[in-house]
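Read through the structure below, which is laid out as structure tokens, and then see the notes.
The values are calculated or read from the model by the stated rules, or taken from the named source; none is laboratory data. The structure displayed is predicted, hence computed values, not measured ones. Here the Cβ positions follow ideal geometry from the backbone for every residue, glycine too, while neighbour counts run over all protein chains shown.
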Amino acid sequence: MERRVGAGGRCVYRWSKNLNFMKNIFLILFVLAGFFAKAVNLEDSLRNVIATTNNDSLKIMAYSSLAFSKLNKPAEVLQIITDMRHYCEEIKDERWKALCKRKLGTLYHRLNYFDKALEYYIESAAVFEKLNDKDGIANCYNNIANAYASKGELTLDKNYYDRAIEFHLKCINLRRQSDTSQLSNSYNNIAIVYMYQENFDLALEYLNKAYKIFAAIPEGAGGLDMVTINLGDLYLKKALKERKPDDFDKAMGYFKDRMDAYKGSGANDRQVKVLSSIGKILCETGKCREAMKLFKRAMDMSLQIKNKGSIMETSYLLSEALE
């Protein structure tokens with residue numbers, strides 16, 4: 001279940017979007033530990049798998065895992081993508097070839113090559129449609145929707161948001177038929193797009209649906225964390241637009257809930273996000289001096305985890321608070 005804090009700070013499910021993906025990753029790591037115990041590190045292990053295995057599933061996951069482990073070095077990721085592209089074309093089984101193309105799309109998406117990501121998502125969807133693989137189609141539609149949402153956030157073109165909604169609704173319809181375990185992810189993702197559109201009522205409706213599903217399953221803690229942050233974002237965005245004190249209070253409640261949950265944990269992107277959001281609320285409600293302390297904590301944490309995006313955003317917030 002891959003998730004990240006996206007542009008604008010909201011937590012989104014992208015690329016694989018499901019628990020099965022992470023289970024497969026853990027399985028790969030377990031297999032690697034057994035077969036490549038002499039490897040110096042994970043990268044060596046993954047490269048060994050790529051070089052030696054004839055199992056398409058394992059090789060696809062190894063390529064994908066290796067690329068994701070190198071995201072802080074885009075040039076290396078692009079080389080891995082090039083190698084993976086050649087491998088995808090060699091795969092005989094249509095279903096595995098479609099999966100390989102979808103994974104290529106997720107890598108391009110992560111590097112912000114949204115058009116290239118869409119190209120591979122659409123190619124993958126066409127194969128899954130030919131195979132009548134509803135789960136595969138739904139995953140592609142989810143990816144396509146997220147790519148359009150990313151393009152909309154980048155360009156502020158509402159047409160991209162409309163396309164994102166279109167594909168999220170298609171995905172939701174398919175998942176209701178075949179894989180209801182993924183509905184929570186789809187509800188969260190479509191809520192993000194409605195939030196971009198400032199359709200706060202629909203965003204809240206879908207976030208609440210996602211929250212209820214995550215709350216009802218044993219492995220839902222990560223999903224609850226994500227949705228809680230997004231609920232805070234929703235009310236903060238609504239408050240900034242409508243200037244209602246009650247919305248600032250609701251946003252603060254969700255973010256403070258997360259800060260309490262993070263106590264004792266190490267520095268991470270989520271804490272930076274929440275600290276910055278609480279600081280924004282304080283500054284918007286006339287408490288910029290208090291907000292400065294949180295922005296400084298967020299900056300220290302951003303430097304600690306070497307997140308360039310967070311460093312830039314926190315620097316901007318600090319400069320705004322000083323004005």
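Six or more apart or on different chains, Cβ under 7 Å: which pairs go from a residue in the range 263-277 that's in contact (Cβ under 8 Å) with a residue 12 or more places away in the chain and among the hydrophobic types (A, V, I, L, M, F, W, C) to one that's assigned to a loop (DSSP other than H, G, I, E, B) and crowded, with 22+ Cβ neighbours inside 10 Å? Could you list them?
Within 7 Å, no pair qualifies.
Inspect all residues belonging to the range 132-151 and state whether any of them is surrounded by fewer than 22 Cβ atoms within 10 Å (Cβ to Cβ) and closer than 25 Å to Asp44 by Cβ.
So far as the range 132-151 goes, no, none of its residues is surrounded by fewer than 22 Cβ atoms within 10 Å (Cβ to Cβ) and closer than 25 Å to Asp44 by Cβ.
Could you count how many residues in the range 222-242 are closer than 24 Å to Ala298 by Cβ, over 17 Å from the mean Cα position of the chain (by Cα) and surrounded by fewer than 16 Cβ atoms within 10 Å (Cβ to Cβ)?
Looking only at that region, the number is 2.
Let me confirm something: among Glu205, Glu219, Glu198, which residue is on the phi > 0 side of the Ramachandran plot and surrounded by fewer than 19 Cβ atoms within 10 Å (Cβ to Cβ)?
Working: Glu205 fails: on the phi > 0 side of the Ramachandran plot; Glu219 fails: on the phi > 0 side of the Ramachandran plot.
Within the list Glu205, Glu219, Glu198, the selection yields Glu198.
Leu156: farther than 18 Å from Gln182 by Cα and within 19 Å of the chain's Cα centre (by Cα), yes or no?
On the way: farther than 18 Å from Gln182 by Cα: yes; within 19 Å of the chain's Cα centre (by Cα): no.
Criteria not met by Leu156.
Within the range 164-182, how many residues are among the hydroxyl-bearing types (Ser, Thr, Tyr) and outside any helix (DSSP H, G or I)? Working first, answer last.
The initial filter retains those residues of the range 164-182 that are among the hydroxyl-bearing types (Ser, Thr, Tyr), namely 178, 180-181.
Subset that is outside any helix (DSSP H, G or I): 178.
Within the range 164-182, residues that are among the hydroxyl-bearing types (Ser, Thr, Tyr) and outside any helix (DSSP H, G or I) number 1.
Within the range 170-217, track down each residue that is touching a residue at least 12 places away in the same chain (Cβ under 8 Å), out of contact with any Leu (no Cβ under 7 Å at 6 or more places or on another chain) and among the basic types (Lys, Arg).
Lys170, Lys209
Do any residues in the range 303-314 that are at pLDDT 80 or above have Cβ atoms under 6 Å from those of residues that are assigned to a loop (DSSP other than H, G, I, E, B) and among the hydrophobic types (A, V, I, L, M, F, W, C), where the two are at least six apart or on different chains, and which pairs are they?
From residues that are at pLDDT 80 or above, the pairs are Gln304/Ala267; Ile305/Ala267.
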